[in-house]
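Input: a single structure, listed below in structure tokens.
The values are calculated or read from the model by the stated rules, or taken from the named source; none is laboratory data. Here the structure is a predicted model, which means the values were calculated and not measured. Glycine also receives a Cβ, built like all others from the backbone with ideal geometry; neighbour counts cover every protein chain displayed. When the accessible area is computed, the model is the full protein with side chains, heavy atoms only, and any ligands, DNA or RNA have been set aside. Shrake-Rupley method; radii C 1.70, N 1.55, O 1.52, S 1.80 Å.
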Amino acid sequence: MQKKLIAEFLGTFWLVFGGCGSAIFAAAFPGLGIGFLGVAFAFGLTVLTMAFAVGGISGGHFNPAVSVGLTVAGRFPGGQLIPYIVAQVVGAIVAAAVLYLIASGKADFQLGGFAANGYGEHSPGGYSLVSALVAEIVLTLFFLVVILGATSSKVPAGFAPIAIGLTLTLIHLISIPITNTSVNPARSTGQALFVGGWALQQLWLFWVAPIIGGALGGLVWKLVDDSE
């Protein structure tokens with residue numbers, strides 16, 4: 001179990017460090033900024049790479065909503081759910097701390113949004129709480145359906161990380177303007193702790209919506225899965 005938790009810590013750390021790091025340092029870099037497209041690919045690449053690296057050890061969840069969805073679908077033992085979530089959240093917080101340490105080394109450092117998730121006036125596109133709630137639920141639901149389908153016994157083994165990573169890329173392409181994209185409570189928590197204020201006040205949504213979406217994804221997969 002210890003090795004699984006370390007793997008989840010490392011995977012979630014890399015997801016936050018790579019994904020949020022690309023948003024903080026490279027998205028709007030003068031003249032060479034990678035923009036929304038680059039950030040979306042960065043998040044997808046973090047999951048793709050770590051799913052190949054440590055997915056065979058822990059299952060490669062890196063996300064409390066994914067762990068919940070897999071539990072609902074009967075693919076993950078409920079007794080391991082809380083330890084997995086703790087490891088994921090700790091990994092995200094440590095990654096956010098390292099990002100803060102690096103970012104604060106710039107002479108004119110200003111924290112700004114620090115890639116935190118938000119709605120209303122803190123949504124990149126000014127989208128409402130309801131818009132954010134619906135988007136996060138629907139996108140997390142389909143993320144789980146892809147994960148469960150790509151890792152099913154009827155699909156050729158070894159390709160799941162590619163499908164999962166590209167799905168996370170697509171999710172970000174859709175929803176960065178809406179919420180800055182969460183679909184992952186751990187990722188949201190690490191950034192919110194450093195931003196404080198509004199980010200912590202709105203953090204509840206980025207736990208509730210992805211968890212609901214993940215659970216619904218697990219239930220939907222059970223409806224369509226014909227492997228039994």
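Given R₀ = 41 Å, what would the calculated FRET efficiency be for residue 208 paired with residue 159, taking r from the Cβ atoms and rounding to 0.05? E between residue 208 and residue 159, to the nearest 0.05, is 0.80.
State the answer as a single residue: which of 21, 199, 120 lies farthest towards the positive end of the charge dipole of the chain, with beta carbon charges of +1 for Lys and Arg and -1 for Asp and Glu, about the Cα centre. Of the candidates, 21 comes out farthest on the positive side.
Between the stretch 1-49 and the stretch 53-118, the alpha-carbon centres lie 11 Å apart. Along the axis of the charge dipole computed for the chain (Cβ charges of +1 for Lys and Arg, -1 for Asp and Glu, origin at the Cα centre), the listed residues 36, 174, 55 are led at the positive end by 55. Residue-wise HN-Hα couplings along the stretch 162-173, as the Karplus relation 6.51 cos²θ - 1.76 cosθ + 1.60 with θ = phi - 60° gives them from phi, are 5, 4, 5, x, 5, 5, 5, 4, 4, 4, 5, 4 Hz; Gly and Pro carry x. Short-range pairs are left out: with C-alpha atoms under 8 Å and at least six residues apart, the relative contact order of the chain is 30 percent. Per residue of the chain, the DSSP helices (runs of n ≥ 4 H) give a summed -39500 (n - 2.57) that works out to -23000 deg cm²/dmol at 222 nm.
Using a Förster distance of 35 Å, how high is the FRET efficiency between residue 130 and residue 94, based on the Cβ-Cβ distance and rounded to 0.05? Taking R0 as 35 Å, the efficiency between residue 130 and residue 94 is 0.60.
The charge dipole of the stretch 1-224, taken about its Cα centre with unit charges on the Cβ atoms of Lys, Arg (+1), Asp and Glu (-1) only, comes to about 520 debye. With 0.36 nm allotted per residue and the present C-alpha distance subtracted, the residue 106-residue 3 stretch has 33.5 nm of extension available. Remark: the stretch 211-223, residue by residue, has Karplus-estimated 3J(HN,Hα) of 5, 4, x, x, 5, 5, x, x, 5, 4, 5, 5, 6 Hz, where x stands for each Gly or Pro and the curve is 6.51 cos²θ - 1.76 cosθ + 1.60 at θ = phi - 60°.
Given R₀ = 25 Å, what would the calculated FRET efficiency be for residue 201 paired with residue 25, taking r from the Cβ atoms and rounding to 0.05? E between residue 201 and residue 25, to the nearest 0.05, is 0.45.
Surface composition of the chain: carbon plus sulfur atoms contribute 71% of the solvent-accessible area (1.4 Å probe, protein chains only, all chains present). Per residue, the stretch 26-97 exposes 41 Å² of accessible surface when a 1.4 Å probe is rolled over the protein heavy atoms with every protein chain present. Using a cut-off of 17 Å between alpha-carbon atoms, which lysines can reach residue 154, once sequence neighbours fewer than 8 places away in the same chain are excluded? The reachable lysines, counting only those whose Cα sits under 17 Å from residue 154, are 222.
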